[in-house]
Amino acid sequence: LKRDSLHHLFTFDFTGPMTTHLPRSLVTEITHCKLANDAFVRLRLARLVNASRFNVIKDNLFDTAVSRRLAALEPFDLFVGWANYALASIPAARRRGAMVVIESGSCHISEQQRLIGDEYRRWGLTQPPIDPRTLDKMTAEYEQADYIMTLSTFARDSFIKHGVPPTKMLMI
């Protein structure tokens with residue numbers, strides 16, 4: 001905000017500490033995704049529906065909503081999308097003239113699948129830890145992004161291990 005570089009933030013929920021740092025005018029809440037998630041949790045629907053399958057639907061709803069809203073914005077030069085929430089938004093951002101950065105809060109999704117899968121097998125769980133559609137979506141986001149931003153050398157190295165060029169990697 002100090003450099004006047006944030007044009008807009010799209011989020012499920014605008015509460016807590018965010019409200020003291022960001023002007024409301026820069027924020028669009030995609031509330032139907034938050035409502036769906038809250039209902040899923042409160043009604044304990046994970047007993048009936050696999051949570052990873054529900055998340056695929058909810059996350060894609062968010063991405064689609066953001067992509068539609070991006071189309072209405074004036075041209076901008078940078079789009080930063082969170083991994084798993086940006087595949088539909090990437091082409092919309094490119095049409096507005098933006099470079100694309102995907103921010104990953106963890107290691108490469110294939111590495112996550114491997115690590116979590118090892119733990120699932122250790123505990124006798126048989127379902128896949130990550131929905132295959134999520135794997136495909138995040139891999140496509142990585143391929144389409146100009147850069148991928150990570151939080152650690154472990155995460156950065158996992159992307160390189162899975163074929164992402166080091167020149168495409170940014171690390172905080």
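3J(HN,Hα) couplings calculated from phi for the range 93-101 with the Karplus curve 6.51 cos²θ - 1.76 cosθ + 1.60 (θ = phi - 60°) are, in sequence order, 5, 4, 5, 8, x, 8, 7, 10, 10 Hz; Gly and Pro show x.
Here the contact order of the range 30-104, divided by its residue count and restricted to Cα pairs under 8 Å and six or more residues apart, works out to 29 percent. Rg/Rh for the range 5-146 stands at 1.00; both radii use Cα atoms, and Rh follows the Kirkwood definition.
L125 sits among other residues whose Cβ lies under 13 Å from its own Cβ, and their net charge, with Lys and Arg +1 and Asp and Glu -1, is 0.
For the chain, carbon and sulfur atoms together expose 57% of the accessible surface, with a 1.4 angstrom probe and every protein chain in place. The helix-only estimate of mean residue ellipticity at 222 nm for the chain, built from DSSP H runs of length n ≥ 4 each weighted as -39500 (n - 2.57), is -14000 deg cm²/dmol after division by the residue total. Be a star and scan the range 65-84 for residues whose amide nitrogen sits under 20 Å from the point 7 Å along the Cα-to-Cβ vector of S5. Only 74-83 fall inside the zone, counting backbone N under 20 Å.
Using the Cβ atoms and a cut-off under 14 Å, what net charge is assigned to the surroundings of I30, where Lys and Arg are +1 and Asp and Glu are -1? Here the charged neighbours net out to -1. Computed from the alpha carbon atoms alone, the convex hull of the range 119-165 holds 96 Å³ per residue.
Protein heavy-atom accessible surface, 1.4 Å probe, per residue over the chain: 60 Å². Each of N55, Y85, M138 was scored by the projection of its Cα onto the charge dipole of the range 36-145, and the greatest displacement toward the positive side belongs to N55; charges sit on the C-beta of Lys, Arg, Asp and Glu.
Stokes-Einstein diffusion of the range 96-137 at 25 °C, 0.890 mPa s viscosity, Kirkwood radius from Cα pairs, rounded to a whole number: 204 µm²/s.
Remark: the range 118-131, residue by residue, has Karplus-estimated 3J(HN,Hα) of 4, 5, 4, 4, 4, 9, x, 8, 10, 6, x, x, 10, 4 Hz, where x stands for each Gly or Pro and the curve is 6.51 cos²θ - 1.76 cosθ + 1.60 at θ = phi - 60°.
The values are calculated or read from the model by the stated rules, or taken from the named source; none is laboratory data. Since the model is a prediction, treat every value here as computed from it, not as a measurement. Please note: Cβ atoms are built from the backbone with ideal geometry, for glycine as well, and neighbour counts cover all protein chains shown. Just so you know, the surface numbers come from the protein's heavy atoms only, side chains and all, with ligands and any DNA or RNA stripped out. Shrake-Rupley method; radii C 1.70, N 1.55, O 1.52, S 1.80 Å.
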